[in-house]
Amino acid sequence: TKPVATTNRSIVDRMLHGNKTMVIFYGSQTGTAEDFAQRLSKQAKRYGIAAMVADPEETEMEELQRLIAIENHLAVFAVATYGEGDPTDNFQEFYEWLKDANDLTGLHYAVFALGNKTYEHYNAVGKYVDKRLIEIGGVCVAELGMGDDDGNIEDDFIAWSTIFWNSVCQAYQLVRNTDESTMRQYKLVTGNSSSGTIFTGEVGRLKSYEKQKPPFDLRNPFLAPVLENRELFKPDCLRSCLHLELDLAKSRLRYEAGDHVAIFPSNDSTLVNRIGELLEVDLDEVISLVNVDEDAQKKNPFPCPCSYRTALTYYLDITSIPNTQVLKDIAQYATDDSERALLTLMGSYSEEGKIKYKEWALDSCRSIVAILEDLPSLKPPLDYLCELLPRLQARYYSISSSPKIHETSVHITAVVVQYLTPTQRIVKGVATNQFRHMYLKEHDPKSISSDNNNNDATSPSYFLPVYIRKSTFRLPYKFQTPIIMIGPGTGLAPFRGFIQERHFQKTQGKPVGETILYYGCRKRNEDFLYEEELKYFENEKTLELHVAFSREQDHKVYVTHLLRADGEKIWKLIKNDNAHLYVCGDAKHMSRDVHTIIVDIAQQFGNLTAEEAAAFVKDLVVKGRYSQDVWS
Ligand SMILES: Cc1cc2nc3c(=O)[nH]c(=O)nc-3n(C[C@H](O)[C@H](O)[C@H](O)COP(=O)(O)OP(=O)(O)OC[C@H]3O[C@@H](n4cnc5c(N)ncnc54)[C@H](O)[C@@H]3O)c2cc1C
Ligand SMILES: Cc1cc2nc3c(=O)[nH]c(=O)nc-3n(C[C@H](O)[C@H](O)[C@H](O)COP(=O)(O)O)c2cc1C
C-alpha cells in the first residue's frame with residue numbers, strides 16, 4: 001500500500017508516496033547549490049525519473065539508510081564549501097552525522113561540489129562527502145563534479161550534469177525522452193487572500209516584522225533601527241563608503257568582534273516598476289505560487305500569498321545575470337524569431353551558445369530587466385518569471401565594532417557598489433545602494449528625484465532586517481599576544497572592532513600585546529577610512545599603524561609592499577612572540593598575495609626551505625594563528 005502524503009520530515013515517505021527514486025540534497029548559503037538541485041530535479045523528468053529536492057536541515061538524514069531499500073534509488077548532493085572548508089549552515093548537521101555514520105552500504109549517490117579556487121580549502125565539503133560515502137559503502141554513480149565560482153560555475157555545472165546524466169543512463173539503462181523546459185514546477189493561484197494573510201516582505205513568519213519575537217536568526221531576522229549612517233570617504237572622493245550603526249538593543253542578539261551581520265536587502269523600486277511596465281502587469285495583484293508536486297518539501301518558492309510587487313522587491317533577485325536555464329525557459333515567450341533564436345542558442349549548452357551567453361549576457365552584465373528591455377518581443381508571464389528567478393540573498397558584512405564599546409549596536413563599513421555596463425547602464429548594488437538611498441534621504445534629500453526605494457509599513461526605510469552570523473575570526477584568548485592585521489579597503493572593518501576591543505582592555509589596565517595594522521587605500525584625502533579614529537588609537541599607543549597609499553606616488557604601493565619591507569620584524573613577532581596574523585578583504589588577489597609573502601618571509605628570515613616555510617605557515621593556520629575573513 002502507498003503511504004499517505006506526509007507533512008513530517010520523512011523524506012523517504014514523501015518519495016514513496018510520489019513514486020520518486022531520486023533525491024537531491026543541497027548545502028547552500030547563497031542559493032547556487034539549491035538552484036542546481038532544483039535544475040537537476042527538473043532535468044530528471046527528461047529521463048522518466050521522478051525526483052525531489054530536499055533541504056538536509058529539514059530532513060532526518062538517518063533516513064538515507066531507508067532510501068537504500070527503494071529500487072533504483074539515487075541520492076545526489078550539491079554542496080558548497082565556506083569558511084575554512086566548512087559546510088553551509090543547512091548542511092552542518094548532516095556533515096557531523098556523516099562523520100560518525102558507519103554503514104550506508106549500497107547507497108547510490110553522486111556529488112557536485114560548489115566552491116571557489118581562490119580559497120585554500122577548495123571544495124573541501126563536496127570532496128569530503130564523496131570520500132566518506134565511499135568509505136561507508138556508498139556506490140558512486142557519477143564522478144565528483146567540481147564547480148569553481150572564481151571561474152564559471154554555471155559552465156562547470158552544465159558540463160558535469162551532462163556527464164552525470166550519461167552515467168545515470170548507463171547505470172539505470174535509461175534513455176532521454178522529453179524536454180523538461182515547458183513543465184512548470186509551481187502553479188499560479190490568484191484571489192481569495194484577505195489582507196491579514198498576505199506577506200509583505202517577511203522572510204519567515206507572517207507579520208513577523210510587525211510583532212517581533214526572539215530568537216532572531218536567518219529565518220526570523222530582527223528589524224534593526226538604523227541609528228547612524230554617514231559617509232566615510234572624503235568630499236574629494238567620487239566613490240562612497242558608508243558607516244552604519246544598527247541598534248540591536250531590543251533584539252537580545254549578542255555578537256563578538258569578528259562576527260558577521262547579515263542584512264536582507266530590498267530591490268530598488270525603479271527596477272521593480274520597470275518589470276511591471278515591460279510586462280504590462282499590475283504589480284499589486286496578489287498571487288501564490290504553489291508546488292505542483294504535493295510531496296515536495298518546499299510548497300512555495302517564496303512566502304505566499306504576496307503581491308508581485310512584494311515578490312520582486314523582497315524575495316527575488318532581479319539584478320544578477322540570469323543563468324542559461326532561465327534564458328532557455330523564457331525563450332518560448334519571445335514572439336520575434338531572432339530574439340527567440342538568441343535565447344534558445346544561449347540556453348542550448350552548445351559551444352556557440354556558451355560563447356554567445358558569455359558575450360551577450362555575462363560580459364555585457366545584462367540583468368533580467370536589461371534582457372526584457374533589449375528583447376522587446378519577450379513577454380514571459382510574470383508568475384513564470386517569479387518561478388524562475390533566484391531568491392534575493394542576504395548580504396554579509398564584517399562587523400566593524402566591538403561589543404565591549406558598543407554593547408547593543410553593530411557597525412558596518414560598506415563600500416557602495418555602482419558600475420557602468422558595456423550596454424551603458426548604471427548598475428547599483430542592491431544592499432549598498434539601499435544604504436546609500438537611506439543616507440541621501442537623510443543628508444541630501446534634494447539629490448534623489450523620486451523616492452526610489454521601498455518604504456512600506458513592514459520595512460520602513462530606517463530599519464533593516466538583520467541577524468548575526470558567528471564566525472571563527474577571533475582575537476587571541478590572551479590580550480598579551482601580539483596581533484598583525486592586514487586589511488586594505490573595507491578589509492579594515494573587523495579590525496576596527498579588534499582595535500576597539502584591545503583599547504578597551506588597555507583602559508581596564510590589562511597588559512595588551514602589540515596591535516599592528518597594515519591598511520591600504522588610494523589617497524589620504526580620498527578614501528582613508530576612519531582616519532581620525534586610527535590616529536587616536538595610534539596616539540594612545542594602542543595601535544601601530546602602517547598605511548599604503550596606492551596612488552600618491554608614481555608607482556603603486558600596496559599593503560603587500562609594506563609587509564615585504566617589514567619582513568624581519570613580522571617574522572620575529574610570529575616566531576618569538578607567538579603573534580596571530582589576520583587577513584581581511586579581497587579573496588581573489590590580496591589574501592593570496594599575503595599568503596605568498598608570509599611564506600617568503602618565513603623562508604627568508606627563518607632560514608627555511610620553501611617546503612618548510614609552506615608547512616610552517618600551514619601549521620599557523622591549523623593552530624588558529626593565521627585567520628582570514630575574505631570575500632570575492
Ligand atoms: C563574509 C563576508 C563579509 C563581507 N564584509 C563586507 C564588509 O565589511 N564591507 C563591504 O563593503 N562588503 C562586505 N562584503 C560584501 C557584501 O556582502 C556585498 O557583497 C557587497 O556589499 C555588495 O552587495 P550589494 O547588494 O550592494 O551588491 P550586489 O547587488 O550584490 O552587486 C554586487 C555584484 O555586482 C557585480 N559587480 C560589482 N562590480 C562590478 C563591475 N565593475 N563590473 C561587473 N560586475 C560588477 C559582482 O558580481 C558583485 O558580486 C562581505 C561579504 C562576505 C561574504
Ligand atoms: C565567505 C565565503 C567563504 C567561502 N569559502 C570557501 C572555501 O573555503 N572553499 C571553497 O571552495 N569555496 C568557498 N567559497 C565559495 C562558495 O562555496 C561558492 O561561491 C559557492 O558557489 C556558494 O554556493 P551557495 O550559493 O549555494 O552558497 C566561499 C564563499 C564565501 C562568500
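The values are calculated or read from the model by the stated rules, or taken from the named source; none is laboratory data. If you're wondering where the values come from, they're calculated on a predicted model, not measured in any experiment. When we count neighbours, we look across all protein chains shown, and the Cβ atoms used for this are built from the backbone with ideal geometry, even at glycine.
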- Please state which one of 532, 568 is under 19 Å from residue 233 (Cα atoms), at pLDDT 95 or above and assigned to a helix (DSSP H, G or I). 532
- Message: Every residue in segment 118-148 that is surrounded by fewer than 19 Cβ atoms within 10 Å (Cβ to Cβ) and either aromatic (Phe, Trp, Tyr) or within 16 Å of ligand 1 (Cβ to nearest atom) (or both), please.
- Response: 118, 120, 121, 122, 148
- Within segment 63-80, restricting attention to residues that are touching a Ser or Thr at 6+ places or on another chain (Cβ under 8 Å) and within 16 Å of ligand 2 (Cβ to nearest atom), which residue is nearest to residue 50 (Cα to Cα)? 78
- Item | Selected residue (only one of 102, 116 is in contact (Cβ under 8 Å) with a residue 12 or more places away in the chain and more than 26 Å from the chain's Cα centre (by Cα)) | 102
- Query: (1) of a type outside the set (Gly, Ala, Ser); (2) within 28 Å of the chain's Cα centre (by Cα); (3) within 21 Å of residue 108 (Cα to Cα): which one isn't true of residue 211, the others all being true?
  - Reply: (3)
- Residue list for segment 272-302, restricted to those being under 30 Å from residue 155 (Cα atoms) and either assigned by TED's automatic domain parsing to the domain that holds residue 31 or touching a Gly at 6+ places or on another chain (Cβ under 9 Å) (or both): 293, 296
- In segment 186-229, which residues are at pLDDT below 90 and over 30 Å from residue 249 (Cα atoms)? 191, 192, 193, 194, 195
- Filtered residue count, segment 232-245, keeping only those that are crowded, with 17+ Cβ neighbours inside 10 Å and either at pLDDT 95 or above or closer than 11 Å to residue 490 by Cβ (or both): 8
- Scan 336, 329, 259 and give me the residue that is in contact (Cβ under 8 Å) with a residue 24 or more places away in the chain, surrounded by fewer than 20 Cβ atoms within 10 Å (Cβ to Cβ) and of a type in the set (Asp, Glu). 336
- Task: Take the residues in segment 171-225 that are hydrophobic (A, V, I, L, M, F, W, C) and part of a loop (DSSP other than H, G, I, E, B), then tell me which one is surrounded by the fewest Cβ atoms within 10 Å (Cβ to Cβ).
- Result: 175
- Message: Restricting to segment 313-337, name every residue that is outside any loop (DSSP other than H, G, I, E, B), within 16 Å of ligand 1 (Cβ to nearest atom) and within 23 Å of residue 55 (Cβ to Cβ).
- Response: 314, 315, 316
- Item | Residues of segment 81-102 satisfying the condition of being outside any helix (DSSP H, G or I) and either within 16 Å of ligand 1 (Cβ to nearest atom) or at positive phi (or both) | 81, 82, 83, 84, 85, 86, 87, 88
- Message: So, residue 303, is that one at pLDDT 95 or above and surrounded by fewer than 19 Cβ atoms within 10 Å (Cβ to Cβ) or not?
- Response: no
- Item | Tabulated pairs, segment 487-507, first under 16 Å from residue 261 (Cβ atoms) and modelled with pLDDT of 95 or more, second within 16 Å of ligand 2 (Cβ to nearest atom) and basic (Lys, Arg), C-beta under 6 angstrom, 6+ apart or interchain | none
- Test: residue in segment 538-553 that is part of a helix (DSSP H, G or I), over 28 Å from residue 121 (Cβ atoms) and modelled with pLDDT of 95 or more: yes
- Of these, 341, 334, 311, which one is within 25 Å of the chain's Cα centre (by Cα) and either charged (D, E, K, R) or away from ligand 2 (no atom under 16 Å from the Cβ) (or both)? 311
- Task: Any residue in segment 193-205 that's in contact (Cβ under 8 Å) with a residue 40 or more places away in the chain and within 21 Å of residue 463 (Cα to Cα): show its pairings with residues that are outside any loop (DSSP other than H, G, I, E, B) and aliphatic (A, V, I, L, M) at Cβ separation under 7 Å, as long as the two are six or more apart or on different chains.
- Result: 198/286
- If we ask which residues in segment 587-623 are touching a residue at least 12 places away in the same chain (Cβ under 8 Å) and either small (Gly, Ala, Ser) or not in a helix (DSSP H, G or I) (or both), their number turns out to be 7
- State all residues of segment 511-530 that are more than 30 Å from the chain's Cα centre (by Cα), over 18 Å from residue 474 (Cα atoms) and charged (D, E, K, R); if no residue qualifies, say none. 523, 524
- Is at least one residue of segment 437-449 among the polar types (S, T, N, Q) and not assigned by TED's automatic domain parsing to the domain that holds residue 257? no
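The rows are residues; the columns are (1) touching a Leu at 6+ places or on another chain (Cβ under 6 Å); (2) touching a residue at least 40 places away in the same chain (Cβ under 8 Å).
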site: 348; (1), (2): no, no
site: 354; (1), (2): no, yes
site: 362; (1), (2): no, yes
site: 365; (1), (2): no, yes
site: 368; (1), (2): no, yes
site: 390; (1), (2): no, yes
site: 394; (1), (2): no, yes
site: 397; (1), (2): no, yes
site: 412; (1), (2): yes, yes
- Exception for residue 310 within (1) in contact (Cβ under 8 Å) with a residue 40 or more places away in the chain; (2) touching a Leu at 6+ places or on another chain (Cβ under 6 Å); (3) away from ligand 1 (no atom under 16 Å from the Cβ) falls at (2)
- Selected residue (criterion: nearest to the chain's Cα centre (by Cα)) from residues of segment 229-255 that are among the charged types (D, E, K, R) and closer than 20 Å to residue 417 by Cα: 245
- Message: Could you check segment 382-413 and list, in sequence order, the residues that are touching a strand residue (DSSP E or B) at 6+ places or on another chain (Cβ under 8 Å) and away from ligand 1 (no atom under 16 Å from the Cβ)?
- Response: 383, 386, 387, 408
- Item | Residues of segment 594-632 that turn out to be loosely packed, with under 15 Cβ neighbours inside 10 Å, within 33 Å of the chain's Cα centre (by Cα) and either within 16 Å of ligand 1 (Cβ to nearest atom) or of a type in the set (D, E, K, R) (or both), as a count | 4
